[in-house]
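Before any comments, here is the structure.
The values are calculated or read from the model by the stated rules, or taken from the named source; none is laboratory data. Quick caveat: nothing in here was measured; it's all calculated off a predicted structure. Cβ coordinates were reconstructed from backbone atoms using ideal geometry, including for glycine residues, and neighbour counts include every protein chain displayed. The accessibility values were calculated without ligands, DNA or RNA, using every heavy atom of the protein model including side chains. Shrake-Rupley method; radii C 1.70, N 1.55, O 1.52, S 1.80 Å.
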Amino acid sequence: DVLCLDVAVLTDHDHWGMRPLAHTPELWERIRAQVAAFHEPGRFVTLPGYEWTSWLHGHRHVLYFADHGEVHCSVEPATAHPEQLWEALRGRPALTFAHHSAGGPIATNWEIPPDPELEPVTEIASVHGSSEAMDSPDVIYSPVPGNFVRDVLDKGYRLGFVGSGDSHDGHPGLAQIAGNTSGLAAILSDELTREGVLEALRARRVYATNGPRIVLDVRLGQWPMGSLVPASELTRPDSLELGVVVAAPQPIARIEIVHGGKIVSTEEGSGRRHLAGVLEAPRLEPGDYLYLRVLQDDGGAAWSSPFFVTE
């Protein structure tokens, strides 16, 4: 009601912190009870979740799309590796995504390919900064060269984009009040239910902001953001049209098209807060990806999930 959120999940650490969940089962049960008490499909969706806190392979959020779920601890031998975590979750209504992946406090080990079923999206912005690329606003601290999200897209990983706060101060959706940056996930779903949110995340029909409530809709021809687009569908001239709608709380500086690991086109915002129109996409080949980045004058940003071109 106060922060105008549709979906919320509290992701305390599994084994690290003042009250680690793996060693405090009564706290995990208390969280699950509150999740169930405040879940109201159609109005407010709550999810049980926690942070798998590996200091070897990186931190990952684990989200359950049901009232029940277990804490699979990152220091237990049976679930100390990402692939072990995914096997423990397989068959459950659950997802994971990498957290502050490009740098501090610990970078993600991207040598382990994300599970395509259980990790369809990745965090691109949080209170720690942006993990997108070195040219993004408010780059994450202690960045590891070659470990940005754009780098792993270049490796062929197909990941949609979300943001998350990680404020640690009890202000979900407003992490920026404790620092310069934040993160929000925007979920494009026809229904405000756990099933609808899960389906949208699996389809990568999501986008991220670094805090501001920027409205963004992007389509490549008739394909929504996050789509796997067959190359055979891109033979008509209109199939390479990017339909874009942006509504921002602050003046828009520019809209950028990212393709092939670099910014290939820029549309000036000219201080407007609402833009709607058609941009021309570059020529796309199988294996390519393309996404849009919206920048406000004040550094606020939004990132569409990429389009991925397949054979």
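Observations, loosely collected:
- Cut-off 15 Å between beta-carbons: net charge of the residues surrounding Ala281, Lys and Arg +1, Asp and Glu -1: -3
- Cα gyration tensor shape for the range 180-265, rounded if a/c is under 1.5, else prolate or oblate: oblate
- Helical runs (DSSP H, four residues minimum) scored at -39500 (n - 2.57) apiece and divided by the length of the chain put the mean residue ellipticity at 222 nm at -3500 deg cm²/dmol.
- Here Ala276 and Gln34 are evaluated by their C-beta separation; at R0 = 35 Å the FRET efficiency comes out at 0.30.
- Working ranking of peptides 88-98, 276-286, 300-310, 111-121 by packing, defined as the average number of other Cβ atoms within 10 Å per residue, highest first, is 300-310, 88-98, 111-121, 276-286.
- Scattering profile of the range 69-169 at q = 0.12, 0.16, 0.18 Å⁻¹ [log10 I(q)/I(0), Debye over alpha-carbon scatterers]: -0.40, -0.70, -0.88
- Gaussian network model of the chain, Cα within-10 Å springs - most flexible of His99, His57, His68: His68
- Rolling a 1.4 angstrom probe over the range 79-190 with all protein chains present gives an accessible area of which 53% lies on carbon and sulfur atoms.
- More than 36 Å apart - percent of Cα-Cα pairs taken over the chain: 14 percent
- Positive contributions from Lys and Arg (+1) and negative ones from Asp and Glu (-1), summed over other residues with Cβ under 9 Å from the Cβ of Ser136, come out at -1.
- Three-way shape call for the range 1-89 based on the alpha-carbon gyration tensor, with the a/c threshold at 1.5: prolate
- For the range 208-307: rounded, prolate or oblate by the Cα gyration tensor [a/c cutoff 1.5]: prolate
- Charge context of Gly42, other residues only, Cβ under 13 angstrom, K/R +1, D/E -1: -3
- The angle separating the long axis of helix 25-38 from the principal Cα axis of greatest extent in the chain is about 50 degrees.
- Between the alpha-carbon centres of the range 233-311 and the range 2-24 there is a gap of 34 Å.
- Relative contact order (%) - criterion: Cα under 8 Å, at least six apart; region: the chain: 13 percent
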